Amino acid sequence: MKRESFGTVQGSPVELFTLTNAHSLEVRCTNYGGIILSLRVPDKRGRPDDVVLGFDNLDGYLQKQPYFGAIIGRYANRIAEARFTLDGKQYSLAANDGLNSLHGGDRGFDKVVWKAEHLENPNGVGVIFTYLSKDGEEGYPGNLNVKVTYTLSDQNELIVDYEAITDKATPLNLTQHTYFNLAGEGRGDILGHELTLNADRFTPVDKTLIPTGELRSVKNTPMDFTKPTVIGARIHENDEQLELALGYDHNFVINRAGPDLVFAARVREPGTGRVLEVSTTEPGVQFYSGNFLDGTNTGKHGHVYQKRFGFCLETQHFPDSPNHPDFPSTILKPEEDYRSRTIYKFK
Ligand code: GLA
């Protein structure tokens, strides 16, 4: 593991960590936002390429940009009308997505400097990021201590472990917002990638992308990825949900029998043969097809990121859960330990 300086954010030093494994996989990340800066993966002929969108330097990440590579919290995804009630008290959040609150508010976990420590264990090499989100930060209750660990294993896995404790009950929903393009970042759109989702149901949304509350079957709809299907095969179909979200930007309900780690998604890029498999302990995964990328961000090596140049698989609890008592709870209580794991495995 290599650790070097990456610049400063508001006077705080920021570092760059490089993790490598025995099969030439390389992950570069920083303690600013816990951002995964690059991920080099060999293709079927052994040629490595960077498969995640992002920027060449820290300044890129400080501009207006759509959460490239970052840890998202305190609440990933949307909270309707930027408010929720907990134990009889109403809390208001920043409305940064129309009337809704998105991805933790104005300065979420993607925009803060985390403490970092390096890690080496029989599983691999890694970095431990910790952050204290103070009581009231972005409107959320409780001093929340968060720990996110990235481990790169020799089995070509990037293991993301999330842990947290709080001193007051708070909503909590953590995820990772990396945009992947398995053909290589900047090499066109992701519509030719083939996707499988282990999800028989999804949470349909209204026009502000807030779940209606229904868990709807994917059967006979363009949301059915239970068998490997090319992302672009049905994306232009005349379908209410695709029209509302301008493509795929939906939470899928992962099929699971218990709380253990289960297979959630598999993506294959036919040209390079690269395969990404995602497994998680979370109940949902937001499949986002990069609909809002519009060429305003110039990323690595001068690559302009156009619409659908990357996709995200954000493992998470369902959007707006604090306002949906029927959804799996996202409330972390002081007597509880929050633990969640997602594994991104490359083949
Ligand atoms: C998530 C959301 C999208 C969009 C992106 C960031 O994936 O679901 O609607 O906000 O983040 O642009």
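General observations
- The ranking of Tyr91, Tyr150 by Cβ neighbour count inside 10 Å, starting from the fewest, reads Tyr91, Tyr150.
- When only the Cβ of Lys, Arg, Asp and Glu is charged (+1, +1, -1, -1), the dipole of region 44-194 relative to its Cα centre reaches about 240 debye.
- For the chain, a Gaussian network of Cα nodes joined below 10 Å ranks Leu182, Leu37, Leu293 by mean-square fluctuation, and the top entry is Leu293.
- Separation of region 23-99 and region 266-330, taken as the distance between their Cα centroids, equals 10 angstrom.
- Applying both filters, DSSP loop and at most 16 other Cβ atoms within 10 Å, to the trypsin sites (Lys or Arg not before Pro) of region 1-76 gives Lys44, Arg45, Lys64.
- For region 203-264, trypsin sites (Lys or Arg not before Pro) meeting the loop criterion (DSSP other than H, G, I, E, B) and having at most 11 other Cβ atoms within 10 Å: Lys207, Lys219.
- Estimated from helices alone, the mean residue ellipticity of the chain at 222 nm is -500 deg cm²/dmol (sum of -39500 (n - 2.57) over DSSP H runs with n ≥ 4, per residue).
- Positive-end ranking of Pro325, Thr296, Thr315 along the dipole of region 292-347, with charges on Cβ about the Cα centre, is headed by Thr296.
- Burial ordering of Cys312, Cys29, fewest other beta-carbon atoms within 10 Å first: Cys312, Cys29
- Across Thr330, Thr203, Thr212, mean-square fluctuation computed from a Gaussian network of the chain (C-alpha pairs under 10 Å connected) peaks at Thr212.
- Over region 153-222: Rg over Rh, Cα atoms, Kirkwood Rh: 1.04
- Ordering Val127, Ala233, Gly184 by the projection of their Cα atoms onto the charge dipole of region 99-233, which places +1 on the Cβ of Lys and Arg and -1 on the Cβ of Asp and Glu, puts Ala233 at the extreme positive end.
- With a Förster radius of 51 Å applied to the beta-carbon distance between Val230 and Asp135, the computed FRET efficiency rounds to 0.60.
- Candidates Ser329, Ser101, Ser321, ranked by Gaussian network fluctuation over the chain, Cα under 10 Å, top entry: Ser329
- Taking Cα centre as origin and charging only the Cβ of basic (Lys, Arg, +1) and acidic (Asp, Glu, -1) residues, the dipole magnitude of region 189-347 rounds to 660 debye.
- Rounded to 0.05, the FRET efficiency of the Glu240 and Val304 pair, given R0 = 30 Å and the Cβ-Cβ distance, is 0.45.
- Placing +1 on each Lys and Arg Cβ and -1 on each Asp and Glu Cβ, with no other charges, gives region 177-255 a dipole about its Cα centre of roughly 200 debye.
- Long pairs among Lys111/Lys300; Lys147/Lys207; Lys111/Lys227; Lys44/Lys64, criterion Cα-Cα beyond 28 Å: Lys147/Lys207; Lys111/Lys227; Lys44/Lys64
- For region 1-101, with +1 on Lys and Arg beta carbons and -1 on Asp and Glu, the positive-most of Val51, Ala95, Gly7 along the dipole: Val51
Readers should treat all values here as calculations from the given coordinates under stated rules, not as data from a laboratory. Predicted model only: the values in this text are computed from it and were never measured. So basically every Cβ, Gly included, is an ideal-geometry build from the backbone, and we count neighbours across all protein chains shown.
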